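To start, the structure under review is shown below, and the notes come after it.
The values are calculated or read from the model by the stated rules, or taken from the named source; none is laboratory data. Because the structure is predicted, anything quoted here is derived from the model rather than measured. Ideal geometry is used to build each Cβ from the backbone, glycine not excepted, and the neighbour counts take in all protein chains shown. What goes into the accessible areas is simple: the full protein's heavy atoms, side chains included, and nothing from ligands, DNA or RNA. Shrake-Rupley method; radii C 1.70, N 1.55, O 1.52, S 1.80 Å.
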Amino acid sequence: MANPTPGGNALTRLIQHEAFAGVLMILAAVLALIFANTALSGAYYGFLNTEVSLLINGIGLTKPLLLWINDGLMAMFFFLIGLELKREMVEGRLKNRRDVMLPGIAALGGMLAPMAVFLLLTAGNPELTSGWAIPAATDIAFAVGVLALLGKRIPSSLKIFLLTLAILDDMGAILIIALFYGSGVDTGYLGMALVPLAGLIALNLRGTHRIAPFMLLGAIMWFFVLKSGIHPTVAGVVTAFTIPLKDRFGKSPLHSLEHNLHPYVIYGIAPIFALANAGIDLSGISMSDFLSPLPLGIAAGLFIGKQIGVFGATWLVVKSGLAKLPHGANWMMVWGLSMLAGIGFTMSLFIGSLSFEGDAMMNMVRLGVMTGSVLSAVVGYLVLKRATQGHAAGATAGTTA
């Protein structure tokens with residue numbers, strides 16, 4: 001998101017601020033908690049469970065509204081992530097292998113360590129194993145939003161490090177969802193999905209400028225992928241990768257689509273997802289629930305596992321001489337940033353919804369995700385604030401431990 005411009009009124013400057021998307025998500029989560037724990041709870045859950053049908057001549061889909069949000073709107077969320085990934089891989093931060101090494105290994109460590117912590121704490125409960133990937137992901141909007149609150153005291157290189165790490169983290173989450181979070185695969189529907197995919201590839205090779213044909217074929221592929229048993233958000237990413245970076249007129253449909261879609265996804269779809277999925281029913285919740293295996297495994301995976309993974313991997317790479325710390329950063333800053341990577345929220349809640357069914361299990365998932373994410377955000381902010389006291393952006397040199 002662009003930095004706020006000096007002109008414009010206060011509302012415009014607020015919306016343009018990097019932290020605004022995170023603020024919206026927090027407000028949506030707070031509203032969800034209010035709806036789930038007041039007299040509005042019946043209406044809230046009833047609305048989310050409303051059956052919505054999309055039928056043509058009696059053929060189509062009938063799903064609760066919650067699943068339309070998680071399978072449909074989130075496909076657009078992943079579509080935007082796919083556009084960003086392609087741009088970064090072709091002409092951005094992921095283009096040069098050398099620039100990717102440090103955040104790439106940090107991202108890998110930041111996925112493996114939380115998984116290990118989760119599995120360790122849930123080892124005596126095999127029915128919880130399916131949630132192993134819940135603490136592996138980082139919420140870009142929240143993490144960048146918290147970092148933005150510190151302003152110019154944060155070196156720009158550290159922001160780039162976090163963004164690159166989070167983008168690679170998203171790539172890992174997409175692969176995990178595609179490989180491990182589908183139901184039994186229906187090869188017939190999967191074969192039918194290859195037909196619109198072939199059309200998308202043909203449009204790409206022709207350098208087609210118009211976006212509508214891509215979106216139509218992408219929607220058809222989404223339907224077939226959903227019916228095949230593979231999670232349909234994968235169709236959003238695949239469609240994004242077929243959007244041309246340059247068309248036959250020399251213009252960029254990808255840049256244009258990413259720019260136009262970004263505010264709708266960040267200010268619309270993401271908060272709607274939070275509103276629909278963050279409603280923890282607090283009735284009967286006690287301290288023992290926070291310490292039960294599922295929420296404890298998720299919270300510890302996010303707050304402790306991410307620190308171990310991101311900071312530990314970064315330390316090993318730098319000490320081995322394969323890479324240097326981001327310019328102007330010190331080890332305390334890296335530690336604080338590794339905590340911010342533990343803000344899972346959107347992606348963690350999403351993977352949680354794929355891992356478990358039933359209100360009781362999802363309530364425990366939400367409890368763990370919210371606890372781990374809040375701890376990561378608050379403690380990470382405080383550590384970074386302490387680490388950057390008296391430092392302007394770019395004023396400090398990288399130090400060694």
- What's the number of the condition PRO64 fails, among (1) within 17 Å of PHE350 (Cα to Cα); (2) buried (at least 16 other Cβ atoms within 10 Å of the Cβ)? (2)
- By residue number, the members of the range 343-361 that are touching a residue at least 40 places away in the same chain (Cβ under 8 Å), open to solvent by 10 Å² or more (accessible area, probe 1.4 Å) and assigned to a loop (DSSP other than H, G, I, E, B) are PHE356
- Candidates ARG87, ARG93 - the one that is surrounded by fewer than 24 Cβ atoms within 10 Å (Cβ to Cβ), over 30 Å from GLY229 (Cα atoms) and not acidic (Asp, Glu): ARG93
- Query: Take the residues of the range 279-310 that are over 18 Å from PHE118 (Cα atoms) and either assigned to a helix (DSSP H, G or I) or in contact with a Phe, Trp or Tyr (Cβ under 8 Å, 6 or more places away or on another chain) (or both): which is most open to solvent (accessible area, probe 1.4 Å)?
  - Reply: MET287
- Item | Criterion (farther than 22 Å from VAL317 by Cα and of a type in the set (Gly, Ala, Ser)) met by exactly one of ALA75, ALA106 | ALA75
- Message: Of the conditions (1) open to solvent by 50 Å² or more (accessible area, probe 1.4 Å); (2) over 20 Å from PRO271 (Cβ atoms); (3) modelled with pLDDT of 90 or more, SER53 satisfies every one except a single condition; which number is it?
- Response: (3)
- Note on the structure: Residue pairs qualifying under the 9 Å Cβ cut-off, at least six apart or on distinct chains, with the first in the range 153-169 being over 23 Å from VAL237 (Cα atoms) and the second being basic (Lys, Arg) and surrounded by fewer than 24 Cβ atoms within 10 Å (Cβ to Cβ), are ARG153/LYS385
- Task: Could you tell me which residue of the range 147-162 is nearest to the chain's Cα centre (by Cα), considering only residues that are within 15 Å of ALA387 (Cα to Cα), surrounded by fewer than 23 Cβ atoms within 10 Å (Cβ to Cβ) and not small (Gly, Ala, Ser)?
- Result: LYS159
- Message: Suppose the filter is under 15 Å from LEU83 (Cβ atoms) and in contact (Cβ under 8 Å) with a residue 40 or more places away in the chain; does GLY236 pass it?
- Response: yes
- Message: When you check PRO114 against the structure, is it modelled with pLDDT of 95 or more, crowded, with 18+ Cβ neighbours inside 10 Å and either among the charged types (D, E, K, R) or touching a helix residue (DSSP H, G or I) at 6+ places or on another chain (Cβ under 7 Å) (or both), yes or no?
- Response: yes
- Message: So GLY46 ticks every box in (1) closer than 23 Å to ALA166 by Cβ; (2) open to solvent by 20 Å² or more (accessible area, probe 1.4 Å) but one. Which box is left unticked?
- Response: (1)
